[in-house]
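The values are calculated or read from the model by the stated rules, or taken from the named source; none is laboratory data. None of the values given here were measured: they were computed from a predicted structure. Here the Cβ is made from the backbone with ideal geometry for all residues, glycine too, and neighbour counts use every protein chain on show. When the accessible area is computed, the model is the full protein with side chains, heavy atoms only, and any ligands, DNA or RNA have been set aside. Shrake-Rupley method; radii C 1.70, N 1.55, O 1.52, S 1.80 Å.
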Amino acid sequence: MMLRRADKNDIDRIAEMEKICFPEEPWSRDMVAAEFSGLNPSRYYIAEEDGEILAYAGIWLLPPEGYITNVAVHPQERRRGLGSQILQKLIDEGLAEGVTDVTLEVRVSNAPAIALYKSFGFEEAGVRPHYYQDKEDALIMWLHQ
Ligand SMILES: CC(C)(COP(=O)(O)OP(=O)(O)OC[C@H]1O[C@@H](n2cnc3c(N)ncnc32)[C@H](O)[C@@H]1OP(=O)(O)O)[C@@H](O)C(=O)NCCC(=O)NCCS
C-alpha cells in the first residue's frame, strides 16, 4: 500500500469512491474537481495498491485551523487501520503547515467514524441541526493539539 498526495489525475477515481463510500450523499465529480482547482486551500491523500484507490481523505489548511472534508475507506478494506493511517497523514501534514486545531462534521449516526475520530482525541463540540440533505444532524468535532 502506498500513501501519496492526490492530484487532478485522481478526480475520476475519487468521485467513484464517493459513490461507493457515501451512497446517501456523494460529492459530484464537479465538487471533487473543485477541490483540485487551486481555489480551495485543500490537500488530499490517497492510499492505493496496484493502481486501485483503497482510501482517500482531505483537509483544508487554514492555519492555525484545519478542516477535514472527507475520510473514506473502501468497504472491503475497512478495519485494517487504513482510516487511521490516512487521518494521521492529514494531521501530520497540517501540523507541518501550522495547523494546531482541526475540526470536522460527521453524521450523528456514523458510529465507526465517530469512534475513529475519538481514538485520535477529537472531542464533540456541538451539533449542526439538519446539516445533511436528508436532515440528519452533524456532530461538530475538534482536535486541539
Ligand atoms: C470511518 C472509516 C473511514 C474508518 O476507516 P477504517 O479504515 O475502517 O478505520 P480503522 O481500521 O483505521 O479503525 C480505527 C479505529 O476506528 C474505530 N472504528 C473503525 N470502524 C469502526 C466500526 N465499524 N465500529 C466501531 N469502531 C470503529 C475503532 O476504534 C478502530 O480501532 P480498532 O480497529 O483498533 O478497534 C470507514 O468506516 C469509512 O470509510 N466509512 C464510510 C465513509 C465515512 O463515513 N467517512 C467519515 C465521514 S465524516
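Would you say Y67 is open to solvent by 40 Å² or more (accessible area, probe 1.4 Å), at pLDDT 95 or above, among the hydroxyl-bearing types (S, T, Y) and part of a strand (DSSP E or B)? Yes.
Restricting attention to the stretch 109-124, the residues that are away from the ligand (no atom under 11 Å from the Cβ) and not in a strand (DSSP E or B) add up to 1. Please go through the stretch 73-82 and give me each residue that is closer than 16 Å to I14 by Cβ and within 7 Å of the ligand (Cβ to nearest atom), ordered by number. Those that are closer than 16 Å to I14 by Cβ and within 7 Å of the ligand (Cβ to nearest atom): V73, E77, L82.
Restricting attention to the stretch 36-54, the residues that are within 26 Å of Q133 (Cα to Cα) and either in contact with a Gly (Cβ under 6 Å, 6 or more places away or on another chain) or surrounded by fewer than 18 Cβ atoms within 10 Å (Cβ to Cβ) (or both) total 6.
Scanning the stretch 1-14 for residues that are surrounded by 14 or more Cβ atoms within 10 Å (Cβ to Cβ) and closer than 25 Å to G81 by Cβ returns L3, A6, D10, R13, I14. Filtering the stretch 4-32 to residues that are within 15 Å of G58 (Cα to Cα), assigned to a loop (DSSP other than H, G, I, E, B) and in contact with a helix residue (DSSP H, G or I) (Cβ under 8 Å, 6 or more places away or on another chain) leaves A6, P26, W27. Quick one: is D101 under 23 Å from H144 (Cβ atoms), in contact (Cβ under 8 Å) with a residue 40 or more places away in the chain, more than 16 Å from the ligand (Cβ to nearest atom) and not hydrophobic (A, V, I, L, M, F, W, C)? The answer is yes for D101.
Residues that are of a type in the set (S, T, N, Q) and modelled with pLDDT under 95 within the stretch 36-51 comprise just one, N40.
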